[in-house]
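Student: Dumping the structure here so I can ask a few things about it.
Only the coordinates and a few stated rules stand behind these numbers; no lab work does. Bear in mind the structure is a predicted one, so any value in this text is a computation, not a measurement. Note that we place each Cβ from the backbone using ideal geometry, even for glycine, and neighbour counts take in every protein chain shown.
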Amino acid sequence: MIPAPLLAMFAPIVILVFGFLGENTRVGKLREAVAVAMSAASVAAVYVLYLMLKSTPDGILVFYLQGAPPLGACFEIDMLGIFMAFSVTLLALFATVYSVRYMEHDTRLTEFYTLLSAMAVGMVGVAFAGDFFTFFVFWELMCISSYVLVAFRKDRWGPIEAGFKYMVMSAVGAAIIFLAMAFLYGMAGTVNFAQLSSALHGQPMGLWRYTVFGLLVVGFGIKSAIVPMHTWLPDAHPEAPSPISAMLSGMLIETGLYGLCRVLFLIYEPPAFSMTIAVLSVVTMCFANLLALLQQDIKRLLAYSSIAQMGYMLVGLSAGSPYGMLGLAAHVFNHSLMKGLAFLSSGSLVHMTGTRDIDKMKGVGRMMPVTTLTLCIALLGLGGVPATNGFVSKFILFNSALGAGMWWLTVLGVLNSAFSMAYYLRVMKTLISEPEEGLKVREAPALMVGVTVVMAVLIIFFGIYPAPVISLAHSASEALVNGLKNYIGAVLG
Amino acid sequence: MNEAVCLAAIFALFSIGVYCLSVKRNMIRILLGIEIMLNSGNLAFIYFAFLRSGRAFVDPLGQSIVIMSIVLGGCVVAVGLSLVVNAYKQFKTTDVRKLRRLKW
């Protein structure tokens, strides 16, 4: 039986129906209103689920669909799932509101809002899935919607090329995850997460377990843009429309990381993957920070910065402790706000100036003061300046590596973080320097500015008063690392 | 004997898919490569479902997952083909060597 809050997962269908109604009856802005209302309803639904979760004794909600496992599918919701779902729905709300003005000159908007909502639902479903089958179906829902959204402006070369590249790599990643899932099924005879974990957790490592580990790291690594598998990201993120870039960068790649964390903690012990992940993390942050320095395209720079942030998050995973996962979860939320804001406000700049070249935006900051201020706040947050929320979660992440005895990881992380300020400051300096002759730009529309201002305020707020995020992230990481027994027990009884 | 053949077939399909992706230059062939890779997973599921059955009834879980995965693979290829059609309509090529405008 599906409980009421999960019915919000049918939001894309509602938006589709009302979108076509609005088109045919020529009621202005009907689909935009419905899309915003549905994404607001999704945030509320996640909150209701959170309250339901609070009232359970062991902190797990299980909903079976069509019978008990191993045959039936199920949703198994714990604090980590709620945390991810909340980040997704919040960012989706911001992106939808922003799209109302940003996309108004495009056609096929019903499809746009439906796909945007379907992508968010896919991510929420991935976070809630209680077995690999449900996980995979929602994973593909998320992926397929994002392929179409990246290539949404199909009459230009860039989106088509980026979309095709992204589609090929991501589909290969999904095929690899599927193969890993088949091997896990071969080993345990089930795809239910709880049953898999009770059959495989703590077993000695063998050839098959190493094979599955490699497949999982590559499969999820493609989606979360860990460096040898990152090549789709710097193309796909700049070419997508800005609200979509914000969703992709803010939450989609983190969903890949969520899948990796969830499966690794279910099947392996942290020492088994600690070193591999640490090496990947170092490679990811160094490579991405170096390449970000070379970029001329502002959205491409932000895309490389996303890869670097992914490297910082992997530090928490490689530490493998509850403290490290706390940092990871908090950074996922904070990064979704910061990178979402960075893409949205740079989207406003691109929208008003018509170029993505940083050098051509010289002095634009004086004509679009509010947008530039919000972009600067986002960039400072990404660089980890104190009084922004990026500082808090980065501090915890790098600290956790010390706790796990990997001081070199901390040193490299801090150095990379400092180094990354070089390209953030370059963007800020260009934007606020003396404008060239004849440059005329107006401030972005009020709705777009409003969304970015709200997000900027949230960044500063959670930087000064991080307690709510940290306490939620704490219970999320406890659910992942120490709650395994509850997680298994909720299904097996 | 039987097991070795099946596992070899799974890895062979996977490698054919990887080969196809890395060597072929036509967009449609690349999509076929993805399908072949996905099919190695499907074959693995069918084989393991057969193994778990005790050879009397095949485990329905593996079979149902495979049916769903074929559907999902079809969706992915449909999106991919629509991208190919758009690329061909506007730029009169399906050669991925031309997909080189975005760099670094």
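Student: Please give every one of the aspartates and glutamates within straight-line cross-link reach of residue B:89, meaning a C-alpha to C-alpha distance under 18 Å, and leave out same-chain neighbours fewer than 8 residues apart.
Tutor: List returned: A:155, A:161.
Student: For the Cα atoms of chain A, what angle does the longest principal axis make with the long axis of helix A:207-223, in degrees from 0 to 90, nearest 10?
Tutor: 20 degrees
Student: Under Stokes-Einstein, with the Kirkwood radius over Cα pairs standing in for Rh, what whole-number D in µm²/s applies to segment A:37-80 at 37 °C and 0.692 mPa s?
Tutor: Details: Rh = 11.7 Å.
Taking Rh from Cα pairs, D becomes 280 µm²/s.
Student: For segment A:193-228 and segment B:19-49, what is the separation of their C-alpha centers, rounded to whole Å?
Tutor: Measuring centre to centre over Cα atoms gives 21 Å.
Student: If you place +1 on the Cβ of every Lys and Arg and -1 on the Cβ of every Asp and Glu, how big does the dipole about the Cα centre of the protein assembly as shown come out, in debye to the nearest 20?
Tutor: For the protein assembly as shown, the charge dipole is close to 1300 debye.
Student: Taking segment A:352-479 on its own, what percent of its Cα-Cα pair distances exceed 23 Å? Please report the intermediate quantities before stating the final value.
Tutor: Numbers: 3734 of 8128 pairs.
Cα-Cα pairs in segment A:352-479 separated by more than 23 Å: 46 percent.
Student: Across every pair of different alpha-carbon atoms, what Kirkwood hydrodynamic radius in Å does chain B reach? All intermediate terms of the calculation are to be shown ahead of the outcome.
Tutor: Working: mean 1/r = 0.0642 Å⁻¹.
Its Kirkwood hydrodynamic radius stands at 15.6 Å.
Student: Something else now. Within 10 Å of each residue's Cβ, count the other Cβ atoms and sort A:229, A:251, A:367 from fewest upward. Walk me through the numbers before you get to the answer.
Tutor: Details: A:229 22, A:251 30, A:367 16.
Starting with the residue having the fewest Cβ neighbours, the order is A:367, A:229, A:251.
Student: Order these by the 10 Å Cβ neighbour count, fewest first: A:436, B:35, A:140, A:443. Walk me through the intermediate numbers first.
Tutor: Details: A:436 10, B:35 20, A:140 23, A:443 15.
With the fewest neighbours first, A:436, B:35, A:140, A:443 line up as A:436, A:443, B:35, A:140.
Student: While we're on this one: For the charge dipole of segment B:2-99, defined by +1 on Lys and Arg C-beta atoms and -1 on Asp and Glu C-beta atoms about the Cα centroid, which residue among B:48, B:94, B:60 has the Cα displaced farthest towards the positive pole?
Tutor: Sorting the options by dipole projection puts first B:94.
Student: May I ask you to sort A:457, A:34, A:46 by Cβ crowding, counting other Cβ atoms within 10 Å and putting the fewest first? Write down the numbers at each step before the final one.
Tutor: Numbers: A:457 12, A:34 22, A:46 25.
Result, fewest neighbours first: A:457, A:34, A:46.
Student: Of the options A:337, A:441, A:454, report the single residue whose Cα projects farthest towards the positive end of the charge dipole of the protein assembly as shown (beta-carbon charges: Lys, Arg +1; Asp, Glu -1).
Tutor: Checking the options against the dipole of the protein assembly as shown, the answer is A:441.
Student: Another question about this same structure. On average, how many beta carbons from a partner chain sit within 10 Å of the beta carbon of a residue in A:136-149?
Tutor: Values: counts 5, 5, 0, 1, 7, 2, 0, 4, 6, 1, 0, 6, 3, 0.
Shielding by partners across A:136-149 averages 3.
Student: Using only the Cα atoms of segment A:1-102, what do you get for the radius of gyration and for Dmax, in Å?
Tutor: Reported Rg and Dmax, both Å: 16.2, 51.
Student: How large is the dipole of segment B:2-99 about the Cα centre if only Lys and Arg carry +1 and Asp and Glu carry -1, each at its Cβ, rounded to the nearest 20 debye?
Tutor: Details: 9 positive and 4 negative charges, 106 e Å.
Value, rounded to 20: 500 debye.
Student: Which value, to two decimals, describes the C-alpha radius of gyration of chain A once divided by 2.2 N^0.38 Å? Before the final figure, lay out each step's value.
Tutor: Values: Rg = 21.5 Å, N = 493, 2.2 N^0.38 = 23.2 Å.
Chain A yields a ratio of 0.93.
Student: Output the Kirkwood hydrodynamic radius of segment A:358-427, Cα pairs only, in Å rounded to one decimal. Kindly include the intermediate steps, with their values, before the conclusion.
Tutor: Values: mean 1/r = 0.0743 Å⁻¹.
So the Kirkwood estimate lands at 13.5 Å.
Student: Along the positive direction of the dipole of the protein assembly as shown (beta-carbon charges: Lys, Arg +1; Asp, Glu -1; about the Cα centre), which of A:84, A:480, A:220 reaches farthest?
Tutor: Projecting each Cα onto the dipole axis, the largest value belongs to A:220.
Student: Three principal axis extents, largest first, for the C-alpha atoms of segment A:155-251, in Å?
Tutor: Projected onto the principal axes, the Cα atoms of segment A:155-251 cover 50, 22, 21 Å.
Student: Additional query: Using only the alpha-carbon atoms, how far is helix A:270-293 inclined from the longest principal axis of chain A? Give it as 0 to 90 degrees, nearest 10.
Tutor: That works out to roughly 10 degrees.
Student: Nearest 10 degrees, 0 to 90: what angle lies between the long axis of helix A:253-267 and the longest principal axis of chain A (Cα atoms)?
Tutor: The answer is roughly 10 degrees.
Student: With viscosity set to 1.567 mPa s at 4 °C, what whole-number translational diffusion coefficient in µm²/s follows for segment A:417-493 from Stokes-Einstein and a Kirkwood radius over Cα pairs? Each step should come with its number before you reach the end.
Tutor: Working: Rh = 17.5 Å.
Roughly 74 µm²/s, to the nearest whole number.
Student: Report, to one decimal in Å, the Kirkwood hydrodynamic radius for segment A:397-450 based on all distinct Cα pairs.
Tutor: Numbers: mean 1/r = 0.0675 Å⁻¹.
Result for segment A:397-450 stands at 14.8 Å.
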